[in-house]
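Here is the structure we will look at, set down as structure tokens.
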Amino acid sequence: MPTRKDGVTVDLHTQPITCLPGVGPRVAEKLAARGLSTLQDLWLQLPRQYEDRTAIVPIRLLQPGVAVQVEGRVEAVERGFRYRPMLRVAVSDDSHGTLVLRFFHFRAAQVAQFRPGVRVRCYGTPRPGQHGLEIVHPSYRVLDDGADAALGESLDPVYPAIEGIGPASLRRLIGLALDRLPDEASLELLPRELRDGFQLPSLREALLTVHRPPQDADVAALLTGRHPAQRRLALEELLAHHLSLRRQRIAQQAHAAPVLEKPALAKRLEKNLPFALTGAQQRVFAQVRSDLARPHPMLRLVQGDVGSGKTVVAAMSAMLAVASGQQAALMAPTELLAEQHLNNLRGWLEPLGVRVAWLAGKVTGKARAKVLEEVASGHAQVVVGTHALMQEGVAFHDLALAIVDEQHRFGVHQRLALRDKGTGGSGNGDAIVPHQLVMTATPIPRTLAMAAYADLDVSAIDELPPGRTPVQTVALSAERRPELVERIRKACAEGRQAYWVCTLIDDSDEVIAQAAQSTFEDLSKRLPELRVGLVHGRMKAADKQSTMRAFKDGAIDLLVATTVIEVGVDVPNASLMIIENAERLGLAQLHQLRGRVGRGSAASSCVLLYQSPLSQMARQRLETMRETNDGFVIAEKDLELRGPGELLGTRQTGLASFRVADLARDADLLPQVQRIGEQLLEQSPELAERIVARWVGGAMRYASA
Ligand code: ADP
Ligand code: MG
């Protein structure tokens, strides 16, 4: 590693790409547009394909679809102009095979090159053509007669294309960067024992293998990203992200937070409730309570299945803030859900003399000014709302606890934006940071939680309130749709309500809305005695909400809906749900939808209508739904079937920004990542620091942490 005069070592990886010969400002700009600006960025720009030019395959042995290198002499050349210009070059070799090279774009000079008898070497994927196999637009070169052109020694990497830089230049640049790869001693950050323990190659070896795989490399493994060299890179990257989250967590813990330790109000709330808390609710509240009693900010994720009663835990937590004379905020992702929280909280808290304010997008003008004033003065003790809570201009008097519901709907940044509302007032460096409670009904399997939420403590409300009968789930082929009409008639005659969910028959909102519309018309006709309502994503927000409200109030018997009803709406009297095209939905979504029923005491059922034939995956999903109502079990199964990338909604967690790692592929590395992370933090924190700097670097994902 080069050493500066002052004795500070400089990591070579931070050297700008412009130190390479031939990289001027224009090329640098194009690379920068793709996030490539240092040598290290080039090292980590991995090939997406490999071309094997280490051997020449006899033409007779070519197989359609298998890319190869061949060499032969030009037999015949034909130019065509019939529909568009075309050049066909027939080539044959000693194996007595003939192959056609076909070009649609070519220059005159190229045509001149292909004289009969000339030797060409080319690479490409043969496909069946009019006269045997042909390769369209092969990469090729004409060989000097007599001279023996050397074969490649390693597989040729093919890099993701970068606009304005040809593949050959890109390969050259990356090659030059690799030539400057430091020796192992200065490049390696993982201690030897660790590497040996997990049987990992060194970083240098891994990079060289991936970029210049030896002839005998396991290409199949390389192409699927499961080669030990790639695993090594992925592991270090995951480790870096894990360490950065841990570090952030430690930094977060260093902030001061208000100590909230007066339980009286929360106790009074609990006593007033018409029900007793479940064991799980008590346990989670106790965890929150002990977090809040400490002078450092809590950052806790509460996972709890739909209907497990997260709201009341949130309300009791808020009472700890209010009892200390401070404020709590509760933010929900949709107006309907926020409104439901508002009603619940007002019902529970106003009898205790706690003032609850409401802030959503539609609160405007004078009303808004009044709410803002109450929030700023501290008159409002609990503030419930939507994203509107995070907007500029919303200033709290003394926010001690920020609660975010259904957090998977919000980005990490939004979550932090609400937290930052607490720091505004003080103005000095040692700002007091509010506690954060994050709630989700989409549980995340443990391994994933470790990766995505290494900066959070996680607790689970893993028990439903008593008296709920588990939802009976059946899967029926769509042909049996007519029977369901009778079933709805019967349920509604007994005073119950039902959902009919129209789902993805197409990706467009419009088509789904139309399907919902026609289902609505059809069911209205068949069930004239029922009050049928319709909600879909193309309706105005106000219409959607008034229909939902009517359903909630019992003024609608049957609600035909698209998946817009997915999030947290509580209608205990609804006991029947029919989901059309259930085979198209993921497990998490099916589970969320089903959670809309089974909220009251009546036995509820869910019918999953599917179109045959079912794919293997779809069959497994429906089976899982029939077998269990447990969100945690379903989440594990979902991970198994789908892979974590989708599960997490990578965009929201910021986990999508990996260069090498792919959570879907590398999830099994996560337990190792965690163990190595613990060891490093304990034994060599300075190495941990450098690993984070290498991979996560200055581009801190959570700038405000
Ligand atoms: P979720 O966890 O899905 O947000 P909610 O907080 O909306 O669930 O609670 C679902 C319903 O269960 C609400 O009507 C709530 O009042 C009720 N509930 C919550 N806790 C209990 C309990 N311990 N016993 C009985 N009902 C409860
Ligand atoms: Mg909820």
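Just so it is clear, none of the values below were taken in a lab; they were calculated from the coordinates. Note that the coordinates shown come from a computational prediction; the quantities given were computed from them, not determined experimentally. With ideal geometry, Cβ positions are generated from the backbone for all residues, glycine too; neighbour counts draw on all protein chains shown.
Just a few scattered comments:
- Relative to the longest principal axis of the Cα atoms of the chain, helix 228-254 runs at roughly 30 degrees.
- Size of charge dipole - the stretch 177-246 - debye, nearest 20, with Cβ of Lys, Arg +1 and Asp, Glu -1, no other charges: 220 debye
- On Cα atoms only, tilt of 365-377 relative to the major axis of the chain in degrees: 80 degrees
- Calculated [θ] (222 nm, deg cm²/dmol) that DSSP helices of n ≥ 4 give over the chain, each run adding -39,500 (n - 2.57): -11500 deg cm²/dmol
- Whether the stretch 20-78 is rounded, prolate or oblate, judged on the alpha carbon gyration tensor where a/c under 1.5 counts as rounded: prolate
- Full extension of the chain between Glu78 and Asn272 gives 60.8 nm of extra length, using 0.36 nm per residue less the Cα-Cα distance.
- Placing R0 at 35 angstrom, the Cβ-Cβ distance between His379 and Gln282 gives a FRET efficiency of 0.65 after rounding to 0.05.
- The ranking of Leu576, Leu151 from fewest to most other beta carbons within 10 Å of each one's beta carbon is Leu151, Leu576.
- Positive dipole terminus of the chain, leading residue within Gly631, Pro157, Pro182 (C-beta point charges): Gly631
- Protection proxy ranking of 307-314, 238-245, by the mean of other Cβ atoms within 10 Å over each peptide's residues and highest first, is 238-245, 307-314.
- Scanning residues 5 or more positions from Leu143 or on other chains, those with amide H under 5 Å from its amide H are Arg119, Val120, Arg121, with H placed 1.01 Å from N in the peptide plane.
- Along the axis of the charge dipole computed for the chain (Cβ charges of +1 for Lys and Arg, -1 for Asp and Glu, origin at the Cα centre), the listed residues Ala112, Ala661, Ala380 are led at the positive end by Ala380.
- The chain: angle of helix 670-683 to the longest principal axis, Cα-based, in degrees nearest 10: 90 degrees
- Rounded, prolate or oblate (a/c below 1.5 giving rounded, otherwise prolate when a/b exceeds b/c) for the chain by Cα gyration tensor: oblate
- In plain terms, the residue of Ser604, Ser186 with the fewest other Cβ atoms within 10 Å comes first and the most crowded comes last, giving Ser186, Ser604.
- At full extension, His131 and Glu627 could sit 172.9 nm farther apart than now, given 0.36 nm per residue minus the alpha carbon distance.
- For the chain, DSSP calls about 40 percent of its internal beta bridges antiparallel.
- Footprinting exposure proxy ranking of His435, His379, fewest other C-beta atoms within 10 angstrom first, gives His379, His435.
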